[in-house]
Amino acid sequence: MSRPLFEVSQIIRDYGAEFFSRYPVVPQVRKSLVAMSLCRTRALGGHVEVCPECGEIHVSYNSCRDRHCPKCQNKEREVWIEMRKEEIIPGVKYFHVVFTIPAVLHPLAMRHMSLFYSCMFRAAWKTLKAFFEKQGLQGGMTSILHTWGSNLFYHPHIHCIVTGGGVDENGVWHHLKGCGESKKFLFPVQALSKVFRAKMMAMLTHALKQENVVIPQDVRKACFSQGWVVFSRPPAKGVSQVLEYIGRYAYRVAISNSRIKDVSADGMVTYDWKDYRNAGRHKTMKMHAVDFLHLFSLHVLPPAFVRIRHYGLLSPSNRDKVRQVQIQLGGTPVPKERKKKSYMQICEDKGWQIGICPHCKCRMQVLEIIEPARAPPHASLSARTANL
């Protein structure tokens with residue numbers, strides 16, 4: 001795959017100083033943007049590889065490993081998917097459900113990100129849990145937080161991969177009533193919407209009260225005067241599609257470098273986006289690089305915030321239950337002692353030629369280690385910002 005002509009990291013290097021001077025940002029935003037600006041440059045160090053047969057030399061620089069960086073998610077995504085493979089329940093339909101919140105709550109969300117996002121996770125699970133319990137079952141959910149729309153504007157929502165069934169009090173698996181052989185129905189979305197709205201507002205009100213914050217009455221009235229959007233998409237077919245679904249959303253970032261179509265000499269950034277309200281048609285958005293970085297910065301998560309969470313049957317504490325269900329349904333149970341595959345092992349399994357000479361097809365050898373040009377502490381990152 002060819003390298004994109006334009007990258008977020010280059011935009012930060014060229015316009016980061018102007019952005020930081022115009023917009024006061026929290027330390028986490030500054031830290032992430034500076035890290036991304038240095039990603040895969042000599043500043044972070046790297047190594048020189050040489051082919052022992054033909055002498056081909058290849059220089060590789062280290063990644064920043066920031067979770068918001070468009071260039072650093074492939075490794076984490078593949079390792080994570082390998083772990084999820086072991087938890088797949090054979091013969092079970094998995095549904096993709098999306099919980100969104102109305103725009104009137106966006107200002108509260110931006111001021112109280114960690115609190116607000118945690119309420120979204122809990123409200124989404126409490127909603128689904130209530131519907132599972134009506135059928136006497138414990139279901140499972142893997143949930144992923146996204147804070148952006150395709151146009152990069154602020155739009156927090158929760159993507160959920162939900163099992164089309166659950167276990168009863170005796171640990172016996174049952175498919176949901178709407179998930180039979182020929183049925184593709186999870187729960188009524190209008191009912192999900194009403195329950196999610198009630199639970200989210202109750203949780204948010206209680207959580208904000210602990211911070212001595214009250215939801216304005218006009219905001220509360222606007223929230224209850226409209227239906228909240230909940231999508232429930234048809235189930236994926238087969239293990240490979242389930243994992244593709246999960247992997248696609250789990251490690252996606254606000255915008256990929258491939259979507260950036262142009263950065264002009266006067267700093268205008270043009271990027272591609274999908275208009276889902278208009279049959280998913282591709283359109284372009286154009287704005288100055290400083291405004292682009294401002295939009296991008298809205299999607300930097302609070303420090304140590306967990307954006308992928310597992311609930312119910314799919315939670316780590318219920319791995320024994322998953323193992324028993326897999327045995328019931330004739331699948332391979334999750335190993336009791338799980339060993340995470342290295343990225344190199346995954347590359348070999350997939351046939352990806354990492355560290356292989358493109359000419360001789362033999363493994364290249366490390367000739368030289370390039371030491372980082374800076375110290376790793378956060379203080380050095382902040383100091384570096386002034387010189388962007």
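The values are calculated or read from the model by the stated rules, or taken from the named source; none is laboratory data. Quick caveat, the model's predicted, so the values are computed rather than measured. All Cβ positions, glycine included, derive from the backbone under ideal geometry; neighbour counts span all protein chains shown. The protein model used for the area step is the full one, side chains on, heavy atoms only, and it has no ligands, DNA or RNA in it. Shrake-Rupley method; radii C 1.70, N 1.55, O 1.52, S 1.80 Å.
Across the chain, the relative contact order, built from alpha-carbon pairs under 8 Å that are at least six residues apart, equals 30 percent. Let me check I've understood the local charge: for Ile11, count other residues with C-beta under 12 angstrom from its C-beta, Lys and Arg +1, Asp and Glu -1. What total comes out? Overall, the nearby charge balance is -4.
Normalised by the number of residues in segment 12-69, what is the relative contact order in percent for Cα pairs under 8 Å and 6+ residues apart?
After rounding, I find 32 percent.
Considering helices alone, the calculated mean residue ellipticity of the chain at 222 nm is -11500 deg cm²/dmol, with DSSP H runs of length four and up weighted by -39500 (n - 2.57) and normalised per residue. Per residue, the accessible area of the chain comes to 51 Å², computed with a 1.4 Å probe over protein heavy atoms only.
Given N residues in segment 139-262, what is its alpha carbon radius of gyration divided by 2.2 N^0.38 Å?
1.33
Close Lys pairs in segment 83-203 (alpha-carbon distance under 18 Å; sequence gap of 8 or more, or different chains): 14.
The lysines whose alpha-carbon is closer than 23 Å to the alpha-carbon of Lys274, local same-chain residues fewer than 8 away aside, are Lys71, Lys261, Lys283, Lys286. One entry in [x] 1.20; [y] 1.10; [z] 1.33 is Cα Rg over 2.2 N^0.38 Å calculated from the shown coordinates; its label is [y]. A cut-off of 5 Å between modelled amide H atoms, ignoring neighbours fewer than 5 places along the same chain, links Lys93 with Gly164. Taking 20 Å as the straight-line reach from the Cα of Lys361, the lysines in range (excluding those fewer than 8 positions away in the same chain) are Lys350. With all protein chains present, how much of the accessible area of the chain (probe radius 1.4 Å) comes from carbon and sulfur, to the nearest whole percent? Carbon with sulfur: 53 percent of the solvent-accessible area. Other residues with beta-carbon under 14 Å from the beta-carbon of Cys357 carry, at +1 per Lys or Arg and -1 per Asp or Glu, a net charge of -1.
3J(HN,Hα) along segment 122-127, derived from phi through the Karplus expression 6.51 cos²θ - 1.76 cosθ + 1.60 where θ = phi - 60°, amounts to 5, 5, 4, 5, 4, 5 Hz, with x in place of Gly and Pro.
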